[in-house]
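Taking it in order: structure first as structure tokens, then the write-up.
The values are calculated or read from the model by the stated rules, or taken from the named source; none is laboratory data. Computed from a prediction, not measured in an experiment: that's the story for all the values here. So basically every Cβ, Gly included, is an ideal-geometry build from the backbone, and we count neighbours across all protein chains shown.
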């Protein structure tokens with residue numbers, strides 16, 4: 001178990017794993033509401049606190065028997081169920097029952113989201129960040145030299 005400085009730190013760790021909100025965890029652990037945002041950030045930056053949070057999260061994962069395999073299996077089920085066509089039914093007031101309309105729909109949003117999560121897990125989709133430096137350092141250097149030159153003349 002990671003060594004913590006005091007009981008307040010342990011309380012913060014316990015509260016943090018509930019909703020992964022450092023600010024709210026700090027408030028619930030007894031820190032001031034006015035400084036909870038800064039305190040939460042500061043606490044999570046400490047290696048012993050982040051180690052304790054990881055320990056607690058591991059315990060929860062073990063207890064719930066959650067694995068990557070389990071998540072992927074359930075995502076596959078969601079895709080399969082979402083892709084099944086389902087007949088649209090309307091209530092018939094004369095016969096007082098639900099009757100098929102001859103139209104079929106499927107849950108494209110559910111299938112799409114599940115496929116997206118599977119793809120991300122498999123590394124199929126990566127966010128690409130292009131950094132382009134448009135600063136002309138030669139001009140800035142020239143201007144700085146001019147300022148320095150003018151400052152020494154005065």
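Here are some notes:
- Some residue of segment 111-118 being within 30 Å of residue 80 (Cα to Cα), in the same structural domain as residue 80 (by TED's automatic domain parsing) and not in a helix (DSSP H, G or I): no
- Test: residue 81 is assigned to a helix (DSSP H, G or I), touching a helix residue (DSSP H, G or I) at 6+ places or on another chain (Cβ under 9 Å), touching a residue at least 40 places away in the same chain (Cβ under 8 Å) and outside the structural domain of residue 19 (by TED's automatic domain parsing): no
- Answer residue from segment 85-108, given it is free of Cβ contacts under 8 Å to residues at least 12 places away in the same chain and either outside the structural domain of residue 75 (by TED's automatic domain parsing) or not in a strand (DSSP E or B) (or both) and is farthest from residue 75 (Cα to Cα) among those: 94
- Tally of residues being surrounded by fewer than 16 Cβ atoms within 10 Å (Cβ to Cβ), part of a helix (DSSP H, G or I) and over 19 Å from the mean Cα position of the chain (by Cα) across segment 15-35: 0
- Yes/no for residue 56 being at pLDDT below 80, closer than 30 Å to residue 9 by Cα and surrounded by 10 or more Cβ atoms within 10 Å (Cβ to Cβ): no
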